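Please treat every number below as a calculation from the coordinates, not as lab data. Given the structure is predicted, the values throughout are model-derived calculations rather than measurements. Because the Cβ atoms are built from the backbone with ideal geometry, glycine has one as well, and the counts that use them run over all protein chains shown.
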Amino acid sequence: AQSVTQLGSHVSVSEGALVLLRCNYSSSVPPYLFWYVQYPNQGLQLLLKYTSAATLVKGINGFEAEFKKSETSFHLTKPSAHMSDAAEYFCAVSGGFKTIFGAGTRLFVKA
Amino acid sequence: DGGITQSPKYLFRKEGQNVTLSCEQNLNHDAMYWYRQDPGQGLRLIYYSQIVNDFQKGDIAEGYSVSREKKESFPLTVTSAQKNPTAFYLCASSIGTEQETQYFGPGTRLLVL
C-alpha cells in the first residue's frame with residue numbers, strides 16, 4: 001500500500017525567504033514521486049517528478065526536491081520565495097495504476 | 001494547443017437531479033481520471049479509465065457513474081444517490097496509468113441548490 005503525508009496544512013514565509021514544504025511517503029515498491037501546484041480555482045500542474053534517475057530533482061519556477069530513501073522523504077524547497085509562489089502544493093506517489101495525493105500544503109507569501 | 005477542457009466551470013444541482021460533467025482531451029492519452037477535491041482532503045479518486053470502453057472504480061465511486069465511448073471524452077455523472085456532491089471536480093489524463101505524469105483540466109465546481 002502507498003501513502004503520502006504532508007506535514008503542515010499551511011506554511012507562511014516572507015518574500016525572499018526559503019520555502020520548505022515537507023512530504024513523507026510510504027511505498028512497498030520503488031516509488032515515483034511528484035510535486036504538483038494548484039492556483040486558486042484551477043487544476044493541478046506538475047512542478048517536478050522523481051523517477052530514480054537522480055535524487056535531487058529540479059523543477060519549474062526554481063523549485064527542487066530531494067529524494068531521501070532512508071528518511072522516506074521528498075521535501076520541496078525554493079531558495080527565495082516570490083509572491084507568485086502563493087498556491088497549494090500537493091505531494092503524490094505512484095507505484096502502480098493509481099497515484100495517491102497528499103492532503104496539500106497551502107503556501108502563503110508575505111510582502 | 002493540446003490540453004484538457006472541463007465544462008461547465010460552475011454547475012448547480014437540485015435535490016434528486018442527476019448532472020453530468022464534461023471532460024475532453026486532445027493529448028491522445030489513453031488513461032483518464034476523475035477526482036473529487038474537498039478542502040483539507042486533497043484529491044480522492046472517483047473513477048479511472050485505462051482505455052476506451054473500459055473503466056474502474058476508484059476510492060469513492062458510490063453515487064457516481066462514467067462512460068468512455070471515445071478516447072477523447074470521459075464524462076462523469078453525479079447521480080441523486082450522491083448525498084453530498086458539493087465539491088470541486090478535477091479531470092486528468094496521462095499517457096498510461098502506471099507512474100505517469102497526470103495532466104489536469106481546470107475543474108468544475110458543483111454546488112447544490
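Near the amide H of A:PHE108, within less than 5 Å, lie the amide hydrogens of A:VAL11, A:SER12, A:VAL13, all on another chain or at least 5 residues away, with H placed in the peptide plane.
Please identify the GluC sites (Glu not before Pro) of segment A:20-101 that satisfy two criteria: DSSP loop assignment and at most 12 other Cβ atoms within 10 Å. Which are they? Don't jump to the answer; show the numbers that get you there.
Working: sites: A:GLU64, A:GLU66, A:GLU71, A:GLU88; in loops: A:GLU71.
In loop regions of segment A:20-101 (DSSP not H, G, I, E or B), the sparsely surrounded GluC sites (Glu not before Pro) are A:GLU71.
Taking every C-alpha pair closer than 8 Å and separated by at least 6 residues, the mean separation divided by the residue count of chain B gives a relative contact order of 35 percent. Averaging the Cα positions of each part gives two centres, and for segment A:38-107 and segment B:43-96 these lie 25 Å apart. As a length-normalised measure over Cα pairs under 8 Å and 6 or more apart, the relative contact order of chain A settles at 38 percent. Let's test the formula: R0 of 45 Å, r as the Cβ-Cβ distance of A:SER70 and B:GLN17. What FRET efficiency results, to the nearest 0.05? Efficiency computed from Cβ-Cβ geometry: 0.30.
Please compare each pair in A:LYS58/A:LYS110; A:LYS98/B:LYS70; A:LYS68/B:LYS57; A:LYS110/B:LYS9 to a cut-off of 28 Å on the Cα-Cα distance and tell me which ones are over it. Please report the intermediate quantities before stating the final value.
Details: A:LYS58/A:LYS110 25 Å; A:LYS98/B:LYS70 22 Å; A:LYS68/B:LYS57 33 Å; A:LYS110/B:LYS9 30 Å.
In this structure, A:LYS68/B:LYS57; A:LYS110/B:LYS9 exceed 28 Å between Cα atoms.
For B:GLN41 paired with B:THR5, estimate the spin-label separation in nm (one decimal), with each label point 7 Å from Cα along the Cα-to-Cβ line. So the label points at B:GLN41 and B:THR5 sit 3.0 nm apart. Remark: relative contact order (segment B:33-95) = 33 percent; criterion is Cα-Cα distance under 8 angstrom and separation of 6 or more residues. With a cut-off of 20 Å on the backbone N, the residues of segment A:70-111 near the modelled label site 7 Å out from A:GLN45 along Cα-Cβ are A:76-92, A:104-109.
In Å, what Kirkwood hydrodynamic radius results for the protein assembly as shown from the alpha-carbon pair distances? Intermediate values should be presented prior to the final figure.
Numbers: mean 1/r = 0.0555 Å⁻¹.
Result for the protein assembly as shown, one decimal place: 18.0 Å.
Rounded to the nearest whole Hz, the Karplus-based 3J(HN,Hα) values (6.51 cos²θ - 1.76 cosθ + 1.60, θ = phi - 60°) of segment A:39-56 follow the sequence 8, x, 6, 10, x, 8, 10, 6, 8, 6, 9, 9, 10, 5, 6, 8, 6, 9, with x at glycine and proline.
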